[in-house]
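Asks: Supplied in structure tokens, the structure appears directly below.
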Amino acid sequence: MIEVIRPGDAAYAQISGSFAHTGAPAYVFRPRSAEEVAEAVRFAAREGLELSVRSGGHHGAGYGTNDGGVVADLSQLDAIEIDGQRVRLGAGATWGQVAETLAPHGLAISSGDTRSVGVGGLLTGGGIGWMVRKYGPAVDRLVAAEVVTASGEIVRASEQENADLFWAIRGGGGHAGVVTVFEMTAERESAVTFARFTYPAGQAAAVLKNWRDALRTADEGLTSTAQLFPAFGEQAPPSVVILAAYAGDDPAAVKPLAALGDLVAEDVKVVPYAEVLEDAFLPPGFQPIVRNRFASDLTDELIDVFAGAEIPLMYREIRAIGGALNRVPAHATAFAHRDAVAMVQTVLLGTPEQHGPRLPAFEALWAALKPHVSGAYGNFLTHPTDEDAAEVYPGATGERLAAIKKDRDPANLFGRNIPLVS
């Protein structure tokens, strides 16, 4: 019997919302099998209720919950099975669990950077992680999946079976179905060299340009993120932090990133991949505004605009990607951004009340960045507009995904996703 939690039940307050959002669903289903997921899907369709599918609940737009509808909470589907380098991951497992389970076998899968993020949400959005330059996004390691369709049918998706679904779930979010199990190829990586280099905030533009130049010739085993932190009171001045993960035990691989400016601090260590992943938390009341775009070239002009923005409590970062990601054709998966060498992201921190006065400057920054960027990563958008959605699923990708959805989900039961813009 499937577990169903309703308002008033003891567990309701704990599981009705998601990471950054409150919700008031009428029913929270907690399935333990694909058959029970199908039962939840059929129930929502039969009752005409909005359906949210939650893996880890981290999506910034709050799709993992709703008001008055059904939530299918997949957290009980957390089995992890290993057969050589082939791994079966339940959609409700977290990437922290995956990394820790794979580590004793000398295996790793390039995932996101947060332990509690769910397998399902990150994978169906693409999966940009700490080894993306060497192995590509996580969807490129997917070989098959178990999917529950809008009709409640349980099917297998791969290059040979239900190929339309297999294409759609690799970057198309949850539009085409609910993935309950992912079959993936893990990589033989037992350790990574992880580094943190801190530079003065006043050198941001110069550090970013030197960082870009260093990565242009770096081994693809090196993935790096440049972080620009705002001031958090007098005890925490603004700073520039360069994070780097090299796939393997080689501290020399990260040393060029220690010479980008006047180094303030450095920390280099060789650790299991699981130790690279971080815990996530939000101060009470915080509801960040997150926006991102991809760049096919980190030009001086882009860096100058990005580094020059001074908005209180705004965090900025550039993630260097490229490498293996660029060697897959754009049409091969619903994650289409195969010419990207970097992802540019801004996060307005604080409460909704604090956001208002800063929004004009925030929008002005993105207007200035627009000529230099294109495409967007659906997993890092909190308030997706039609423009954002068109960038997540550009051109032919959006058209193909919409056609698959029309066939597989004509009633838009799986509408709690980045919208498809016609």
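Asks: In this structure, does VAL117 turn out to be without any contact (Cβ under 8 Å) to a residue 40 or more places away in the chain and touching a helix residue (DSSP H, G or I) at 6+ places or on another chain (Cβ under 8 Å)?
Replies: Against the criterion (without any contact (Cβ under 8 Å) to a residue 40 or more places away in the chain and touching a helix residue (DSSP H, G or I) at 6+ places or on another chain (Cβ under 8 Å)), VAL117 does not qualify.
Asks: Could you pull out the residue among VAL341, VAL305, VAL271 that is buried (at least 17 other Cβ atoms within 10 Å of the Cβ) and more than 30 Å from ALA163 (Cβ to Cβ)?
Replies: After ruling out the rest, the residue left standing is VAL305.
Asks: If I ask for residues that are farther than 14 Å from THR65 by Cβ and either in a loop (DSSP other than H, G, I, E, B) or at pLDDT below 95 (or both), which ones from region 12-39 would you list?
Replies: PRO31, ARG32, SER33, listed by residue number.
Asks: Show me the strands (runs of 3 or more DSSP E) found entirely inside region 199-300 where at least 1 residues are of a type in the set (D, E, K, R) and touching a residue at least 24 places away in the same chain (Cβ under 8 Å).
Replies: Where strands (runs of 3 or more DSSP E) fall fully within region 199-300 and carry at least 1 residues being of a type in the set (D, E, K, R) and touching a residue at least 24 places away in the same chain (Cβ under 8 Å), they are 265-271, 289-295.
Asks: Right, something else. Among the numbered criteria (1) among the β-branched types (Val, Ile, Thr); (2) part of a helix (DSSP H, G or I); (3) at pLDDT below 95, which one does VAL421 miss?
Replies: (2)
Asks: Would a scan of region 217-235 turn up a residue that is on the phi > 0 side of the Ramachandran plot and outside the structural domain of ILE128 (by TED's automatic domain parsing)?
Replies: Yes, because at least one residue in region 217-235 is on the phi > 0 side of the Ramachandran plot and outside the structural domain of ILE128 (by TED's automatic domain parsing).
Asks: Could you please tell me which pairs satisfy a Cβ distance under 7 Å, a separation of 6+ or placement on different chains, a first residue in region 398-422 that is free of Cβ contacts under 8 Å to residues at least 12 places away in the same chain and more than 22 Å from ALA38 (Cα to Cα), and a second residue that is surrounded by fewer than 21 Cβ atoms within 10 Å (Cβ to Cβ) and among the hydroxyl-bearing types (Ser, Thr, Tyr)?
Replies: That search, which allows pairs on different chains as well, returns nothing.
Asks: Then there is this: For region 43-69, how many residues are touching a Phe, Trp or Tyr at 6+ places or on another chain (Cβ under 8 Å), surrounded by fewer than 24 Cβ atoms within 10 Å (Cβ to Cβ) and outside any loop (DSSP other than H, G, I, E, B)?
Replies: Residues in region 43-69 being touching a Phe, Trp or Tyr at 6+ places or on another chain (Cβ under 8 Å), surrounded by fewer than 24 Cβ atoms within 10 Å (Cβ to Cβ) and outside any loop (DSSP other than H, G, I, E, B): 1 in total.
The values are calculated or read from the model by the stated rules, or taken from the named source; none is laboratory data. Note that the structure is predicted; figures quoted are calculated from it, not measured. Neighbour counts are summed over all protein chains in view; Cβ atoms, including those assigned to glycine, are modelled from backbone coordinates with ideal geometry.
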